[in-house]
Amino acid sequence: MAHRYLIALIISFSLLGCKNSIQTTSIKAEKIPIDQSIEGDPEIEAYIKPYAEHLNQTLDSIIAYNPTNLSKKDGKLNTALGNLMADLVMEQAKPVFKSRTGNSIDVVLLNNGGIRSGIGKGPVTSRTGFELMPFENEIVVVELSGKKVQEMLSYLEVAKTAHPISGMQLTVDDNYKLTSALIGGKELDLNRSYFVATSDYLQQGGDNMNFFKDPLNLFDIDYKLRNAIIDYFIKVDTLKTSIDSRFIQIN
């Protein structure tokens, strides 16, 4: 027992000695800008050069043609570019979802802010897809109750924004109150559920789209939004889109 007490005392004094030896010190931070003033390493630059050239060749390969300039600001409640984005998600994601679940996508809803660039008139490349969608957002499909879809319509009514939609036709009056809302050409049925394709960012409540949270079911179809854009460009060859009557205001 005496030996145990002696060992305990030695450990205690050792710990006290360690505590007494601790000293505080100051930490200074310095902001170092990463710009052209920093010289590159020639050896590293030479090593990555062939990879960079190959990547640029791939990104700049022409995959389609755009006959007119497209901007996400060219319309009030729907834009040609936004319509293109929503429609291509519907076209690319629908067969994938159908093959996996046996169900069809009823509606697509994206966000205007998620479109990060326009598409200029002329050649369209893979780089165009990266400029439109530089993020790693995935397409997901949520099953929403009729009541949640009603909340989605109320959100669009209040937002007064050209959020890209497909599968719906909405009409608002002078005060932006919905006067008509058709899904697949039919009035909303509160007693059924609907399958809505969107991005994983929005499904998690991005842009305050909280109606997407806690859906009846959530399906991840393993398809990046950017990949869907590029796949669509390759498939159609020439982009065709316009401002239409899918979301309009009647005075």
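No value in this document is a laboratory result; all are computed from the given coordinates. Quantities reported herein were computed from a predicted structural model and do not represent experimental measurements. Using ideal geometry, Cβ is built from the backbone for each residue, glycine included, and neighbour counts are taken over all protein chains shown.
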(request) Sum up the charges of everything whose Cβ sits under 12 Å from the Cβ of Y65, counting Lys and Arg as +1 and Asp and Glu as -1, but leave Y65 out. (result) +1
(message) Exposed loop sites here are trypsin sites (Lys or Arg not before Pro) in DSSP loop states with at most 14 other C-beta atoms within 10 Å. What is the longest stretch of the chain lacking them?
(response) 32-72
(request) Scale the Cα Rg of the range 58-249 by the rule-of-thumb value 2.2 N^0.38 Å and send over the ratio, two decimals. (result) 0.99
(message) Filter K72/K160; K160/K213; K121/K240 down to the pairs with a C-alpha to C-alpha distance above 18 Å, please.
(response) K160/K213
(message) At R0 = 45 Å, how high is the FRET efficiency between N251 and D35 if r is their beta carbon distance? Nearest 0.05 is fine.
(response) 0.30
(request) Compute the longest continuous run of the chain that contains no exposed GluC sites (Glu not before Pro); treat a site as exposed when its DSSP state is not H, G, I, E or B and it has at most 13 other Cβ atoms within 10 Å. (result) 137-251
(message) Could you list M90, M209, M85 so that the one with the fewest beta carbons within 10 Å of its beta carbon is first and the one with the most is last?
(response) M90, M209, M85
(message) Taking only complete DSSP H runs, can you tell me which helices of the chain stretch 18 Å or more along their own long axis by Cα positions and average at least 0.0 on the Kyte-Doolittle scale?
(response) 2-21, 80-101
(request) Among V158, V142, rank each residue by its count of other Cβ atoms within 10 Å, from fewest to most, as a rough exposure measure. (result) V158, V142
(request) Within the range 151-178, which residues have the backbone N less than 19 Å from the label spot 7 Å out from T101 along Cα→beta-carbon, could you tell me? (result) 151-153, 165-168
(request) Based on other C-beta atoms within 10 Å, arrange S99, S154 from fewest to most. (result) S99, S154
